[in-house]
Each structure stands twice: as C-alpha cells, then as structure tokens.
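Down below is the structure, laid out as structure tokens.
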Amino acid sequence: MPWVEGFFGLRCPVCGGPLDAPGVCRACREKLIPARKGQAVYLGRYAELRGLVRAVKYRKNREALDWAAERLALQVQAAGFAAGAVTFVPTFPWRALLRGQYPPALLARGLARELGLPFQALLSRRRYTPSQTRRKPRHRLPQVFAPRAPAPARVLLVDDVLTSGATFRRAAEALFSAGAERVCGVFLAVADPERLLRLPYNRPEARR
C-alpha cells in the first residue's frame, strides 16, 4: 500500500524519488511506456531501468513486476502478437531457489494472466554457465537450452534483460526445434533496441 511505502521511506527503483504507489512511483508509471522493435516489446533501455531490474532480481519487488506485466501486455496486444502460450528463458532450479524468485518466470506468468494465455515452462537449461552479465560479448559462453515439451506454433518468450541477444537466440532455436514457427520477445529492459532487429523470430524453414 502506498502509505506503508511512504511511512518506511522507500524509494522508487526507477527514479529514486518517493515511492507513492506500489512498486514504482506514479511519475514513472506515467513516463514508462513500452515500445515495440521488430517482433519484440520492451519497457525501456537498461541504462534507464537498471535500478528496476536490480529491485526485481535482488529485492523481490513483486509489485513492480506485476505492474510491468500489465503494461507490457497492453503493448503485446497493440502489436498484434498472436501466441498460443507464454514461456520464459529458464535458469537452473537451484539458482531460482537461491534468489527466492525468478523474475522472467514471474513476468511471464503475469503476462499470461493479463493476456488470457497459457503459461508453460517450455524450456530447461541443460548446461551450467556462470553469470554472463559482466562479460564482453566475444567472451560469453554458449548457453544451451533444451525443450521440455512440444511448443505451440506461436510463442511469447520472456526475459528480464536483453544484452547481446545470444541468450534469446539460443532459447528461440530450442523452441523452433520443439515445433514453434514464430517466437516473439518480451523484455523488461534492453541494452540496445537496435539488437532486437537482428533476433531470430521465425523458424528458418518458415521464412522460405
């Protein structure tokens, strides 16, 4: 509740100002409008939303995630992204357990709820890779995913942050191998929106 957040002096994770609404302040709620680029939608650039990403990853700001899911769902509908299911880029169960919550999965659940679509954990991570956040793209290790179940023809693939696009690419390839023909992306934040234009959204044989 806003009065509780105000009483404890909590700050907005986006702008650092007083938190006068659940999760994200009213001013940032009005300012942050999701955008579309290619076959993906995102809430904003990582440089502007670094505090929000850290709040949902490490401080368990569930209210901010729920609000972001609601706003992103509106942009998905406006973009006309038809899908049979919403899924997410997975981590290892022990890593999610260690953090207490896993933002991409929670964001995907929220999107599925807002869009009235099935939420499905379609992928698993079958290879351990250390955190790639601070690595330069040429030093990043391959992150390998495997399908857990057949995928519908059209899927919304959710992740919290897109940096180089390598993780999304490998996750999309796994979904294509499981039967998906189109994979649209939904992100909380992106490092560079232009990279969204170079992602694989369609199964290779579907493009011919």
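Computed from the coordinates by the stated procedures, all read-outs in this text should not be read as laboratory data. Only a predicted model underlies this, so the values are computations on that prediction, with no experimental measurement involved. Backbone-built Cβ (ideal geometry, glycine too); neighbour counts: all protein chains shown.
Can you give me the distance in nm between label points at Ala146 and Asp20, each placed 7 Å from the Cα along the Cα-to-Cβ direction?
Each label point lies 7 Å from its Cα, and together they span 5.3 nm.
Mind listing the long-range amide H neighbours of Ala40? Cut-off is under 5 Å, sequence gap 5 or more, other chains count too, H placed in the peptide plane at 1.01 Å from N.
Residues meeting the amide H criterion: Gly185.
Can you list residues from other chains, or at least 5 along the same chain, whose modelled amide H is less than 5 Å from the amide H of Ser124?
Placed amide hydrogens put Ala146, Arg148 under 5 Å from Ser124.
Enumerate the calculated ³J(HN,Hα) couplings along the stretch 147-161 in order (Karplus 6.51 cos²θ - 1.76 cosθ + 1.60, θ = phi - 60°), each rounded to whole Hz, writing x wherever the residue is Gly or Pro.
For the stretch 147-161, the Karplus curve yields x, 9, 7, x, 9, x, 4, 10, 10, 9, 9, 10, 9, 6, 9 Hz.
So how do Asp159, Asp20 line up by other beta-carbon neighbours within 10 Å, fewest first?
Ranked by crowding around the Cβ, least crowded first: Asp20, Asp159.
Sticking with the crude label model, points 7 Å out along Cα→Cβ, report the distance from Ser164 to Ile33 in nm, one decimal please.
3.4
Express in nm, to one decimal, how much length is gained between Gln101 and Arg126 on full extension, taking 0.36 nm for each residue of separation and deducting their alpha carbon distance.
My answer for the length gained is 7.0 nm.
In the stretch 52-92, which trypsin sites (Lys or Arg not before Pro) are in a loop and have at most 13 other Cβ atoms within 10 Å, using DSSP for the loop call?
Arg59
Work out from phi, with θ = phi - 60° and the Karplus expression 6.51 cos²θ - 1.76 cosθ + 1.60, the ³J(HN,Hα) of each residue of the stretch 176-186, listed in order in whole Hz, and give x for Gly and Pro.
Here the 3J(HN,Hα) series is 4, 5, 8, x, 5, 9, 9, 10, 9, x, 9 Hz.
How would Thr163, Thr87 line up from fewest to most surrounding beta-carbon atoms within 10 angstrom?
Thr163, Thr87
For a footprinting-style exposure proxy, rank Phe88, Phe81 by other Cβ within 10 Å, fewest first.
Fewest to most other Cβ atoms nearby, the residues stand as Phe81, Phe88.
State, to one decimal in nm, how far the label point of Ala79 lies from the label point of Arg154, with both points 7 Å from Cα in the Cβ direction.
Those two pseudo-labels are separated by 1.3 nm.
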